[in-house]
Amino acid sequence: MFGDIMGMMGKLKETQQKIEETKKRLDSVLIDEQSSDGLLKVTLTANRNVKSIDIDESLLEDREQLEDYLLLVMNKAIQKATAVNEAELGAVAKDGMPNIPGMDMFK
């Protein structure tokens with residue numbers, strides 16, 4: 001019994017390490033999003049850190065329009081980054097979970 005527990009603890013520790021490595025790797029995965037007309041472009045990491053924002057000069061003339069563009073494009077980019085982040089971390093967590101009877105919530 002204790003061997004099983006120790007084995008599970010080792011597996012959980014290994015999984016935690018893999019999760020941390022995946023988080024670091026996701027800092028280099030870039031998500032690009034732009035407005036439908038290409039006037040505003042943003043780039044985020046899969047960890048949802050903003051890397052760049054490119055604004056066309058024409059948007060600088062209308063503050064309200066620029067704000068609308070920023071909200072729309074940033075939210076789309078965050079949604080994409082979140083999907084990539086959750087899929088990657090979920091795969092690592094699922095793969096690394098020890099087989100504990102009754103704990104099949106990741107299947």
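The values are calculated or read from the model by the stated rules, or taken from the named source; none is laboratory data. Every value quoted in this text rests on a predicted model; they were computed, and no experiment measured them. In this analysis, Cβ positions are derived from the backbone assuming ideal geometry, glycine residues included, and neighbour counts consider all displayed protein chains.
Every condition in (1) within 19 Å of the chain's Cα centre (by Cα); (2) farther than 26 Å from ILE19 by Cα; (3) not aromatic (Phe, Trp, Tyr) is met by ASN75 except one, and the failing one is (2). Only residues that are within 19 Å of ILE78 (Cβ to Cβ) and part of a loop (DSSP other than H, G, I, E, B) were counted in the stretch 1-33, giving 3. In the condition set (1) without any contact (Cβ under 8 Å) to a residue 60 or more places away in the chain; (2) farther than 28 Å from GLU67 by Cβ, GLY7 is compliant with all but (1).
When the residues of the stretch 1-50 are filtered to those that are over 17 Å from ALA83 (Cβ atoms) and of a type in the set (Lys, Arg), the one that is modelled with the lowest pLDDT is LYS11.
Would you pick out the residues in the stretch 5-26 that are of a type in the set (Lys, Arg), touching a helix residue (DSSP H, G or I) at 6+ places or on another chain (Cβ under 7 Å) and over 30 Å from THR43 (Cα atoms)? Within the stretch 5-26, LYS11 is the sole residue that qualifies.
Let's see how each residue does on (1) without any contact (Cβ under 8 Å) to a residue 24 or more places away in the chain; (2) in contact with a Gly (Cβ under 7 Å, 6 or more places away or on another chain); (3) in a loop (DSSP other than H, G, I, E, B); (4) surrounded by 13 or more Cβ atoms within 10 Å (Cβ to Cβ):
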residue	(1), (2), (3), (4)
GLY38	yes, no, yes, no
ARG48	no, no, yes, yes
SER58	yes, no, no, no
LEU66	no, no, no, yes
ASN85	no, no, no, yes
LEU89	no, no, no, yes
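Here LYS94 fulfils each of the conditions (1) at pLDDT 95 or above; (2) touching a Phe, Trp or Tyr at 6+ places or on another chain (Cβ under 8 Å); (3) surrounded by fewer than 16 Cβ atoms within 10 Å (Cβ to Cβ) apart from (1).
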